[in-house]
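Asker: Quick one: structure below, then a few questions.
The values are calculated or read from the model by the stated rules, or taken from the named source; none is laboratory data. Worth saying up front: this structure is predicted, and the values here are computed from it rather than measured. Cβ atoms come from the backbone with ideal geometry, glycine included; neighbour counts cover every protein chain shown.
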Amino acid sequence: MDILQLQQDIIDYSKEIGIDKIGFASPSPFSEMKSRLIHQQELQYQSGFEEQDIEKRVRPDLIFDHPQSIIAIAVAYPSKMKVRVVSKKGERRGIFCRASWGEDYHHILRRKLKLLEEYIAAKVPEAKFKSMVDTGELVDRAVAERAGIGWSGKNCSIITPEFGSYVYLGEMITNLPFKPDSPMEDQCGSCTKCLDACPTGALVQGGQLNSQRCIAFLTQTKGFLPEEFREKIGNRLYGCDSCQTACPVNKGKDFHFHAETEPDAELAKPLLKPILHISNREFKEKFGPVSGSWRGKKPIQRNAVIALGHFKDETAVPDLIKVLTEDPRPVLRGTAAWSLAKIGGAEAITALEKSAEVEKDDEVLSEIRTGLSLFR
Ligand code: SF4
Ligand code: SF4
């Protein structure tokens, strides 16, 4: 087997199947990352969604028998909508982050990695693979960085010179000894635009993220959102792009290479009020295909309630009162109380007063009382 020829064939084939960038990395332990991950864990800066066993995150040999190399791939996604929503006056909409536009990227990348596996297996029957996208043990960004896909920006994204940070990442551990690419030089320089743009101070310093303050993470939680973040989340229903849109490298980067990454504007920027009362079935049918729905409808509904309060949308008061008085979930009722208090007006205050008399849940009651105290 001529490994260099195979490597070139894989590079050529990757272009045919819509992989926009490919790189090769050594499977040696990511020792440089280990102490950083331990430190993050000690500081409780992690989201909790990641693999908890740090050894597995940094040691490919613990999750694959005799790894010889890792193939990293990147697929570019758009940053602007070709077809925009046509909003009527007064209609309020939420927003899903760009990485959740189009079909769930996990599916897109897994299909491409599968094609790559089949291509390699046809040429080298003894080849073995372990492919992963986002939910695997390895840190996608660390692999991409080592494979020369891009540099690790101060905003904690991988930044490619070609597509900016608007790329989905995936990787494949193999038992084939491909020649590793060289990591790219850090090109952030003295820029701090992403740190300055972060609404919550989640970027503690360049390249260090406190996930517990990051809106991208907070939009995915299911409990009450701490008060200090409710205003800052704005109308974001899922994810946050502020540290990407602020990045000068991303300026003008908007690639529409793949039909499946094109957003349906009505899903990417949905009307807020209908979300409050959406059934499980409707939610699954409508939002199921996008990655932002992976935590179910509850966080999206909670965020929609917050967004209506953020907009002080008076036309939403009857919908929010319905949530406050009828929704079986305390998080939704309590957040509706906050939102009604933000909007204010006689109808909202009366509803809060009535609810204060019948509400049994302590947290919801506390939200109602805090809301009412604003008017006294
Ligand atoms: Fe800050 Fe948003 Fe970036 Fe998180 S995603 S670090 S909240 S700008
Ligand atoms: Fe780097 Fe500036 Fe982009 Fe932040 S905004 S990732 S510092 S280039």
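Asker: Being in contact with a Gly (Cβ under 7 Å, 6 or more places away or on another chain) and under 25 Å from Tyr119 (Cβ atoms) narrows it down to one residue among Ser182, Ser165; which is it?
Answerer: Selected residue: Ser182, the only one of Ser182, Ser165 that is in contact with a Gly (Cβ under 7 Å, 6 or more places away or on another chain) and under 25 Å from Tyr119 (Cβ atoms).
Asker: Test Cys240 against the stated conditions and say whether it is buried (at least 21 other Cβ atoms within 10 Å of the Cβ) and outside any helix (DSSP H, G or I).
Answerer: So Cys240 fits the description; yes.
Asker: Select from segment 331-365 the residues that are farther than 20 Å from Lys312 by Cβ, in contact with a Leu (Cβ under 9 Å, 6 or more places away or on another chain) and not in a helix (DSSP H, G or I) and list them in ascending order.
Answerer: Listed by number, the list holds a single entry, Glu359.
Asker: I would also like to ask the following. Can Ala197 be described as of a type in the set (A, V, I, L, M, F, W, C), surrounded by 20 or more Cβ atoms within 10 Å (Cβ to Cβ) and either within 16 Å of ligand 1 (Cβ to nearest atom) or in contact (Cβ under 8 Å) with a residue 60 or more places away in the chain (or both)?
Answerer: no
Asker: Oh, and also: Residues of segment 169-210 being under 29 Å from Glu42 (Cβ atoms), of a type in the set (Val, Ile, Thr) and more than 15 Å from ligand 2 (Cβ to nearest atom), which ones?
Answerer: Within segment 169-210, Ile173, Thr200 meet the criteria.
Asker: Quickly run through segment 288-302 and pick out the residues that are without any contact (Cβ under 8 Å) to a residue 24 or more places away in the chain and either buried (at least 22 other Cβ atoms within 10 Å of the Cβ) or basic (Lys, Arg) (or both).
Answerer: Within segment 288-302, just Lys297 meets the criteria.
Asker: In segment 209-220, is there at least one residue being of a type in the set (Ser, Thr, Tyr), in a loop (DSSP other than H, G, I, E, B) and in contact with a helix residue (DSSP H, G or I) (Cβ under 9 Å, 6 or more places away or on another chain)?
Answerer: There is at least one residue in segment 209-220 that is of a type in the set (Ser, Thr, Tyr), in a loop (DSSP other than H, G, I, E, B) and in contact with a helix residue (DSSP H, G or I) (Cβ under 9 Å, 6 or more places away or on another chain).
Asker: Suppose we filter Glu171, Glu126, Glu162, Glu145 for residues that are part of a strand (DSSP E or B) and either out of contact with any Leu (no Cβ under 6 Å at 6 or more places or on another chain) or not assigned by TED's automatic domain parsing to the domain that holds Asn235 (or both); which single one remains?
Answerer: Matching residue, one of Glu171, Glu126, Glu162, Glu145: Glu171.
Asker: Any idea which of (1) within 10 Å of ligand 1 (Cβ to nearest atom); (2) buried (at least 20 other Cβ atoms within 10 Å of the Cβ) is the one Asn250 doesn't satisfy?
Answerer: Every condition holds for Asn250 apart from (1).
Asker: Being within 16 Å of ligand 1 (Cβ to nearest atom), surrounded by 19 or more Cβ atoms within 10 Å (Cβ to Cβ) and part of a loop (DSSP other than H, G, I, E, B) is the requirement here; does Cys188 meet it?
Answerer: yes
Asker: Give just the number: which of (1) away from ligand 2 (no atom under 16 Å from the Cβ); (2) out of contact with any His (no Cβ under 9 Å at 6 or more places or on another chain) does Arg230 not satisfy?
Answerer: Exception for Arg230: condition (2).
Asker: Can I ask one more? With (1) more than 16 Å from ligand 2 (Cβ to nearest atom); (2) in contact (Cβ under 8 Å) with a residue 60 or more places away in the chain; (3) closer than 27 Å to Asp104 by Cα as the list, and Arg213 as the residue in question, which single condition is left unmet?
Answerer: (2)
Asker: A further question on this structure: Mind telling me which of the residues Leu176, Leu218, Leu138 ends up being without any contact (Cβ under 8 Å) to a residue 60 or more places away in the chain and either crowded, with 17+ Cβ neighbours inside 10 Å or in contact with a Phe, Trp or Tyr (Cβ under 9 Å, 6 or more places away or on another chain) (or both)?
Answerer: Numbers: Leu176 fails: without any contact (Cβ under 8 Å) to a residue 60 or more places away in the chain; Leu138 fails: without any contact (Cβ under 8 Å) to a residue 60 or more places away in the chain.
Step by step, each of Leu176, Leu218, Leu138 is checked, and only Leu218 is without any contact (Cβ under 8 Å) to a residue 60 or more places away in the chain and either crowded, with 17+ Cβ neighbours inside 10 Å or in contact with a Phe, Trp or Tyr (Cβ under 9 Å, 6 or more places away or on another chain) (or both).
Asker: With Asn175, Asn235 as the choices, which residue is under 30 Å from Pro67 (Cβ atoms), polar (S, T, N, Q) and in contact with a strand residue (DSSP E or B) (Cβ under 9 Å, 6 or more places away or on another chain)?
Answerer: Asn175
Asker: Sticking with this one: Which of the residues that make up segment 148-159 are part of a loop (DSSP other than H, G, I, E, B) and either within 16 Å of ligand 1 (Cβ to nearest atom) or surrounded by 23 or more Cβ atoms within 10 Å (Cβ to Cβ) (or both)? First the steps, then the outcome.
Answerer: As a first pass, look at segment 148-159 and keep what is part of a loop (DSSP other than H, G, I, E, B): 148-150, 153-157.
Selection gives Ile149, Gly150, Gly153, Lys154, Asn155, Cys156, Ser157.
Asker: Here are some conditions: (1) crowded, with 19+ Cβ neighbours inside 10 Å; (2) more than 15 Å from Leu352 (Cα to Cα). Thr315 meets all but one. Which one does it not meet?
Answerer: Only one criterion is unmet by Thr315, namely (1).
Asker: Consider Thr219 carefully, then state whether it is under 18 Å from Cys156 (Cβ atoms), touching a Gly at 6+ places or on another chain (Cβ under 7 Å) and within 10 Å of ligand 1 (Cβ to nearest atom).
Answerer: Taking the combined requirement at face value, the residue satisfies it.
Asker: Tell me, which residue of segment 241-269 that is away from ligand 2 (no atom under 16 Å from the Cβ) and within 17 Å of the chain's Cα centre (by Cα) is farthest from His107 (Cα to Cα)?
Answerer: Out of the qualifying residues, it is Lys269.
Asker: Check whether at least one residue in segment 256-265 is within 16 Å of ligand 1 (Cβ to nearest atom), in contact (Cβ under 8 Å) with a residue 12 or more places away in the chain and part of a loop (DSSP other than H, G, I, E, B), and report yes or no.
Answerer: Scanning segment 256-265, I find no residue that is within 16 Å of ligand 1 (Cβ to nearest atom), in contact (Cβ under 8 Å) with a residue 12 or more places away in the chain and part of a loop (DSSP other than H, G, I, E, B), so the answer is no.
Asker: Let me ask something additional. Looking only at segment 221-237, which residues are assigned to a loop (DSSP other than H, G, I, E, B) and surrounded by 19 or more Cβ atoms within 10 Å (Cβ to Cβ)?
Answerer: Thr221, Leu225
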